[in-house]
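Okay, structure first, notes after.
The values are calculated or read from the model by the stated rules, or taken from the named source; none is laboratory data. None of the values given here were measured: they were computed from a predicted structure. All Cβ positions, glycine included, derive from the backbone under ideal geometry; neighbour counts span all protein chains shown.
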Amino acid sequence: MKYAIEARRVDETGSLAVAHGAEVTLATDMAGRKDAMNPVELLLAALAACMIKGVERVTPTLKFQFDRVEIKLEADRQDAPPKLVAIRYEIVVGTTENDARLDLLLRNILKYGTISNTLAGAVPMTGTIRRA
């Protein structure tokens, strides 16, 4: 499977990314924008979407019952050279499933996530999963 987007600078305050008709405003100016995510926030949003999609993918197979999922992410950046050096996650699941089943869910989320697997190969990722 291949993925593609197009991005362009709109003006000095930001840019726009487009894929299959969906648009995302990008904070690409040095001052930042309140109405758009910067590149690191977009990367974390992609990771969060990957994790939530992973829940949607594996819960039918695991027969795992839940009613909500929240993902909280933090990243640490070093300045020279600029790069992320750590990502921490907390996955909060609205469920009555036991701890062993929560751990099974986490293992599956991380095992089958395209973005999580890609990032884990480049940045140390640590975190927890817990019941809401």
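Please tell me if Arg68 is charged (D, E, K, R), surrounded by fewer than 14 Cβ atoms within 10 Å (Cβ to Cβ) and in contact (Cβ under 8 Å) with a residue 60 or more places away in the chain. Judged against the criteria, Arg68 is a match. Looking at this structure, is Gly54 in contact (Cβ under 8 Å) with a residue 60 or more places away in the chain and crowded, with 16+ Cβ neighbours inside 10 Å? Yes, satisfied. Out of everything in segment 18-39 that is surrounded by 15 or more Cβ atoms within 10 Å (Cβ to Cβ) and hydrophobic (A, V, I, L, M, F, W, C), what residue ends up being farthest from Lys83 (Cα to Cα)? In this case the residue turns out to be Val24.
On the basis of being farther than 18 Å from Ala132 by Cβ and touching a residue at least 60 places away in the same chain (Cβ under 8 Å), does Ala49 make the cut?
Details: farther than 18 Å from Ala132 by Cβ: yes; touching a residue at least 60 places away in the same chain (Cβ under 8 Å): yes.
Yes; evaluated as a whole, the condition is true for this residue.
Flag not set for Glu12, criterion: at pLDDT 95 or above, of a type outside the set (A, V, I, L, M, F, W, C) and either loosely packed, with under 12 Cβ neighbours inside 10 Å or out of contact with any strand residue (DSSP E or B) (no Cβ under 9 Å at 6 or more places or on another chain) (or both). Of the helices (runs of 4 or more DSSP H) lying entirely inside segment 15-132, those containing at least 2 residues that are at pLDDT 95 or above, among the β-branched types (Val, Ile, Thr) and under 29 Å from Lys2 (Cβ atoms) are 39-62, 114-120.
Going through (1) in contact with a Gly (Cβ under 9 Å, 6 or more places away or on another chain); (2) surrounded by 13 or more Cβ atoms within 10 Å (Cβ to Cβ); (3) among the basic types (Lys, Arg) one by one, Arg101 falls short only on (1).
In segment 82-98 there is no residue that is in contact (Cβ under 8 Å) with a residue 60 or more places away in the chain and closer than 30 Å to Arg130 by Cα.
Within segment 49-61, being within 15 Å of Leu105 (Cα to Cα) and of a type in the set (A, V, I, L, M, F, W, C) holds for Cys50, Met51, Ile52, Val55, Val58.
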